[in-house]
Amino acid sequence: MSNVIFTSHATAKGGRDGHVKSDDGLIDLKLVNPAGDSNEKGSNPEQLFAAGYAACYDGALNHKAKTKKKDIESSITADVSFMKDEADNGFKIGVTLNVEIKGVSQEEAEELAKEAHDFCPYSKATRGNIDVVLKTTAV
């Protein structure tokens, strides 16, 4: 492994209808499979991945904007879809990153969004593994 800066820890039990908890207790969630027939409330792996990806990508976007001396406000909504994988009759995920950037033109927003996608650790981890679509809007 490269030079580790920090490591986070979470433990899941019971799969998609179980529980997940971080070592510090800040994440302590019941998991409920949204594709199931339960009326119970709870999170799911895709929702947790969406939250992490959105936060990581927004950090990368703001880093790239700062290096270009652009004063922006941004909002990222990650849509993580759970899908059937026809290749192996299993399942896969896909992501749409809805990127809203205030303070730049549409062209600049698209350029910053692409640079952030090249830089973001989540984007690097998923590159070539899942489809990720960027939908960028200057607001």
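The values are calculated or read from the model by the stated rules, or taken from the named source; none is laboratory data. This is a predicted model, so every value here is computed, not measured. With ideal geometry, Cβ positions are generated from the backbone for all residues, glycine too; neighbour counts draw on all protein chains shown.
Quick notes on this structure:
- Positions within region 79-109 being closer than 19 Å to Asp58 by Cβ, aliphatic (A, V, I, L, M) and more than 13 Å from the chain's Cα centre (by Cα), in sequence order: Ile101, Val104, Ala109
- Selection over region 1-59 of residues that are among the polar types (S, T, N, Q) and out of contact with any strand residue (DSSP E or B) (no Cβ under 8 Å at 6 or more places or on another chain) gives a count of 6.
- Considering region 1-89, the qualifying strands (runs of 3 or more DSSP E), each wholly inside and each with 2 or more residues that are without any contact (Cβ under 8 Å) to a residue 12 or more places away in the chain and either under 18 Å from Cys120 (Cβ atoms) or assigned by TED's automatic domain parsing to the domain that holds Ile101 (or both), run over 73-85.
- Residues that are modelled with pLDDT of 95 or more, within 28 Å of Pro34 (Cβ to Cβ) and aromatic (Phe, Trp, Tyr) do occur in region 56-63.
- Restricting attention to region 104-116, the residues that are within 16 Å of Lys69 (Cβ to Cβ) and either assigned to a helix (DSSP H, G or I) or out of contact with any helix residue (DSSP H, G or I) (no Cβ under 8 Å at 6 or more places or on another chain) (or both) add up to 7.
- Here Asn62 fulfils each of the conditions (1) within 21 Å of the chain's Cα centre (by Cα); (2) over 19 Å from Ala138 (Cα atoms) apart from (2).
- Gly128 in contact (Cβ under 8 Å) with a residue 60 or more places away in the chain and either part of a strand (DSSP E or B) or surrounded by fewer than 17 Cβ atoms within 10 Å (Cβ to Cβ) (or both): no
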